Amino acid sequence: MIEPELWGQSSEFLTSCHKKNISNVKNLIKWKENESIFEFGMADGSNSKSVLFPILPDNYKEFIGSDVSRRMVEYLKRNNNDPRANFIIFDISSETIPAEFENRFDHIFGFAVMHWVKDTRQALKNMYKMLKPDGQILLTYADETSADEVYQDLSVHPKWKRYDHKQLISPFFMTENAFDEYRKLIREAGFKESYSTTDYIASQLTDENMFKDFCLSVNPILSMVTNEEYEEYKEEFISRMKNNKLNHTRKNSLTGEISCNTSLTVTIVLLEKS
């Protein structure tokens, strides 16, 4: 993701999903005194502000938020006034983590981001190291996204295959059962699964421009395309996003308005370091 404002304005359907799911699991979250909290993949922070921050204990010690995008982190810093919060550029699947992060956090959160992480196994290993004993992790992730199919097609497209679309595809997009693959790696990392459920999300974006903004906000390839080819690539990408396995665009025969129905299946897990 590279466009903070676009993402914040067009991802309300995901935020609504997370509000519902966190209400179901919040009573299982074991808060401690002087909490150290870490969140990765925060994007513009709008989801965190609506979903996570309202349930944080008043006396938490520190909140460290991260994203792999410099633009997202700069946006987070500009729009925060809590002296206990700090925002950093960080890849949760890095081969190494800062020494000061080991056994530091009571809770780690990742909303709708694990399916974008390049190395799921390494990410889970890192989180295990970062978490204190008896700490908890709350993750939500999709088995596949509507962009996966598009990125897969563009990765073999005669003109656009020179851009590395494969790096953007969810790690288990081509596997038969993504849920089982995630669960296998979660156990391998040493976590105990204390809560798990899935939620099917279906949303209609009635504003065509909002749908376009949502598409553009999640595609970092746009920043790599030459100025001469930018509009052509953008139209190709949006056209493919409008109609695929998970997205369906329809035009109202009476009003002429275009709406897009989008869907995905989200898994919600609460893990403990026992």
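The values are calculated or read from the model by the stated rules, or taken from the named source; none is laboratory data. Keep in mind the model is a prediction, meaning the values are calculated, not measured. Every residue, glycine as well, gets a Cβ built from its backbone with ideal geometry; the counts of neighbours run over all protein chains shown. The accessibility values were calculated without ligands, DNA or RNA, using every heavy atom of the protein model including side chains. Shrake-Rupley method; radii C 1.70, N 1.55, O 1.52, S 1.80 Å.
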Here the residues within the range 29-66 that are among the aliphatic types (A, V, I, L, M), assigned to a loop (DSSP other than H, G, I, E, B) and modelled with pLDDT of 95 or more are ILE29, LEU56
Some residue of the range 8-15 being open to solvent by 80 Å² or more (accessible area, probe 1.4 Å) and modelled with pLDDT under 90: yes
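This table checks each residue for (1) closer than 30 Å to ASN24 by Cβ; (2) open to solvent by less than 20 Å² (accessible area, probe 1.4 Å).
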site	(1), (2)
ASN219	no, yes
GLU231	no, no
THR249	no, no
THR255	no, no
SER274	yes, no
Does the range 251-263 contain any residue that is among the basic types (Lys, Arg), modelled with pLDDT under 95 and farther than 24 Å from ALA43 by Cα? yes
Flag if ASN103 is loosely packed, with under 15 Cβ neighbours inside 10 Å and on the phi > 0 side of the Ramachandran plot: yes
Which condition number in (1) open to solvent by 10 Å² or more (accessible area, probe 1.4 Å); (2) in a loop (DSSP other than H, G, I, E, B) is the one that GLN167 fails? (2)
Which condition number does CYS215 fail, the rest of (1) closer than 24 Å to MET72 by Cα; (2) surrounded by fewer than 18 Cβ atoms within 10 Å (Cβ to Cβ) being met? (2)
List every residue pair whose Cβ atoms sit under 6 Å apart, with the two residues 6 or more apart in sequence or on different chains, where the first one lies in the range 38-50 and is in contact (Cβ under 8 Å) with a residue 40 or more places away in the chain and closer than 18 Å to VAL218 by Cα and the second, anywhere, is surrounded by fewer than 24 Cβ atoms within 10 Å (Cβ to Cβ) and among the β-branched types (Val, Ile, Thr). GLY41/VAL113; ASN47/THR15
Within the bounds of the range 23-31, is there any residue that is closer than 17 Å to ALA112 by Cα, touching a residue at least 60 places away in the same chain (Cβ under 8 Å) and not hydrophobic (A, V, I, L, M, F, W, C)? yes
Please determine, by comparing only the residues of the range 106-133 that are within 17 Å of the chain's Cα centre (by Cα) and among the charged types (D, E, K, R), which one is least open to solvent (accessible area, probe 1.4 Å). ASP119
Six or more apart or on different chains, Cβ under 9 Å: which pairs go from a residue in the range 245-258 that's closer than 28 Å to GLU144 by Cβ and in a strand (DSSP E or B) to one that's basic (Lys, Arg) and open to solvent by 90 Å² or more (accessible area, probe 1.4 Å)? Could you list them? ILE258/ARG250; ILE258/LYS251
Any idea which of (1) open to solvent by 90 Å² or more (accessible area, probe 1.4 Å); (2) more than 21 Å from TYR128 (Cα to Cα) is the one LYS30 doesn't satisfy? (2)
Please go through the range 199-244 and give me each residue that is out of contact with any Asp or Glu (no Cβ under 9 Å at 6 or more places or on another chain), part of a helix (DSSP H, G or I), more than 30 Å from LYS20 (Cα to Cα) and not acidic (Asp, Glu), ordered by number. SER223, TYR230, TYR233, LYS234, PHE237, SER239
In the range 219-244, how many residues are among the polar types (S, T, N, Q) and free of Cβ contacts under 8 Å to residues at least 60 places away in the same chain? 4
Yes/no for THR197 being β-branched (Val, Ile, Thr), under 30 Å from LYS129 (Cβ atoms) and open to solvent by 30 Å² or more (accessible area, probe 1.4 Å): yes
Identify all residues within the range 124-147 that are under 19 Å from LEU222 (Cβ atoms) and modelled with pLDDT of 95 or more; write none if there are none. none
Restricting the search to the range 257-272, which residues are aliphatic (A, V, I, L, M) and either loosely packed, with under 15 Cβ neighbours inside 10 Å or closer than 16 Å to ILE201 by Cα (or both)? LEU264, VAL266, ILE268
Does at least one position in the range 67-74 carry a residue that is at pLDDT 90 or above, over 26 Å from LEU205 (Cα atoms), among the β-branched types (Val, Ile, Thr) and surrounded by 15 or more Cβ atoms within 10 Å (Cβ to Cβ)? yes
